[in-house]
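Accompanying notes for the structure given below.
The values are calculated or read from the model by the stated rules, or taken from the named source; none is laboratory data. Here the structure is a predicted model, which means the values were calculated and not measured. All Cβ positions, even for glycine, are placed from backbone atoms using ideal geometry, and neighbour counts span all protein chains on display.
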Amino acid sequence: SKPTIFVTRRLPSEAQQRLESLGDRAIVKQHNSIENISRQDLLDSIKGIDGLICLLSEKIDQELLRTAGPQLKVISTISVGYDHIDTAAVKAHGIKLGYTPDVLTDATADTTVLLALMASRRAKESLEIVKSGKGSGFSLSTGLGTQFSGKTLGIVGFGRIGCATTARLVPFGFTRVLYTASRAHEKRARPFNAEHASFETLLSQSDLICICCPLNKQTQGMFDARAFAMMKPTGILVNTARGAVVNQEDLLEALDRGLLAHAALDVTVPEPLPCDHPLVLHAKCTVLPHIGSATEETRNAMGNLAIDNALAGVFDQPLKAEVQL
Ligand code: GLV
Ligand code: GLV
């Protein structure tokens, strides 16, 4: 009999079309909406499935795995991050975990550059001035930002996205690159002369800090009051990783106290951040609604890779992109 795959969301158009053409190989069931599935509907939908295609908005835990049943072979998340998944539980159940690295690296690095430029050139304040109608047009001495030439770039997490971000930003004229990672990446660091630094060195010497690391026990809340106190008052922080890497209360206080110049966040806790949240309203904080990988090309590629992973999993083949648990 054919395996059953449950998909928690409507996919981007090309990937959705492919999903709908899988009928001769698998039974595909879907929460056919672009909105989040509720926890209860999810639990009600997964009994007896062989494969699950899910998103970072769904918590994959013991309860869910038990509810699905022992025939479940593969969880295929449409994301590179898998902090929403209890990996120990997945491993204990003998389930494979697929994810979508590589295909979203360029789009996410592009978004990091977008936020870095918005922050350094104070785009949020400028846009507000235009909207208010109170601007005076060209101004010689107000609304001035800073530029990257001659500055030091700090990259937190030197994986695929951190490296692609560095490759994009170095041509802007940074003369020094520091990175933190659990180990030195000599080969990928060489083209940029990037130096493996301690977190403290990176904080105190970088003009622009980009967070490109996964969320885990080591990185949760690593940008806290102590970290902000070490940043340059002119420093800029960009986060396109996970909101919980930053302690948002500490960030707010640090912005108010002038411990850094600007924070630009594509990711927050919660998502979305309420529109009256002090970080959303803050002149020194730019917030985007988690659009790091949000391009037509990348989202279709992510959907396709997630389908590939799910199909491979239900047919006992090696996954194209598997998290080593
Ligand atoms: C998005 O945040 C992802 O992990 O792919
Ligand atoms: C994930 O963090 C990646 O670098 O792809």
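Residue 184 meets each of the listed conditions (1) among the hydrophobic types (A, V, I, L, M, F, W, C); (2) free of Cβ contacts under 8 Å to residues at least 60 places away in the same chain; (3) within 27 Å of residue 299 (Cα to Cα) apart from (3).
Can you tell me which residues in the stretch 9-56 are surrounded by fewer than 14 Cβ atoms within 10 Å (Cβ to Cβ) and under 20 Å from residue 295 (Cα atoms)? The answer is 13, 17, 33, 34, 35. Residue 113 meets each of the listed conditions (1) within 16 Å of ligand 2 (Cβ to nearest atom); (2) assigned to a loop (DSSP other than H, G, I, E, B) apart from (2). None of 219, 240, 180, 234 is β-branched (Val, Ile, Thr) and more than 20 Å from residue 159 (Cβ to Cβ) except 234. Being within 16 Å of ligand 2 (Cβ to nearest atom), hydroxyl-bearing (Ser, Thr, Tyr) and touching a residue at least 24 places away in the same chain (Cβ under 8 Å), is that true of even one residue in the stretch 237-257? Looking through the stretch 237-257, at least one residue is within 16 Å of ligand 2 (Cβ to nearest atom), hydroxyl-bearing (Ser, Thr, Tyr) and touching a residue at least 24 places away in the same chain (Cβ under 8 Å).
So which helices (runs of 4 or more DSSP H) are wholly in the stretch 1-94 and hold at least 1 residues that are under 22 Å from the mean Cα position of the chain (by Cα) and of a type in the set (Val, Ile, Thr)?
Once the helices (runs of 4 or more DSSP H) in the stretch 1-94 are filtered for at least 1 residues that are under 22 Å from the mean Cα position of the chain (by Cα) and of a type in the set (Val, Ile, Thr), what remains is 87-92.
The set of residues from the stretch 247-272 being surrounded by fewer than 20 Cβ atoms within 10 Å (Cβ to Cβ) and either at pLDDT below 95 or in a loop (DSSP other than H, G, I, E, B) (or both) comprises 257, 258, 259, 269, 270, 271, 272.
One residue stands out among those in the stretch 95-110 that are among the hydrophobic types (A, V, I, L, M, F, W, C), within 12 Å of the chain's Cα centre (by Cα) and not in a loop (DSSP other than H, G, I, E, B): the one that is nearest to residue 293 (Cα to Cα), which is 107. Kindly indicate whether any position in the stretch 275-289 is outside the structural domain of residue 76 (by TED's automatic domain parsing), within 16 Å of ligand 2 (Cβ to nearest atom) and either in a loop (DSSP other than H, G, I, E, B) or at pLDDT below 95 (or both). Scanning the stretch 275-289 turns up no residue that is outside the structural domain of residue 76 (by TED's automatic domain parsing), within 16 Å of ligand 2 (Cβ to nearest atom) and either in a loop (DSSP other than H, G, I, E, B) or at pLDDT below 95 (or both). When 173, 162, 143 are screened for being assigned by TED's automatic domain parsing to the domain that holds residue 231 and within 21 Å of the chain's Cα centre (by Cα), only 162 passes. Set side by side, the residues 19, 97 differ, and just one is aliphatic (A, V, I, L, M), over 29 Å from residue 168 (Cβ atoms) and within 16 Å of ligand 2 (Cβ to nearest atom), which is 97.
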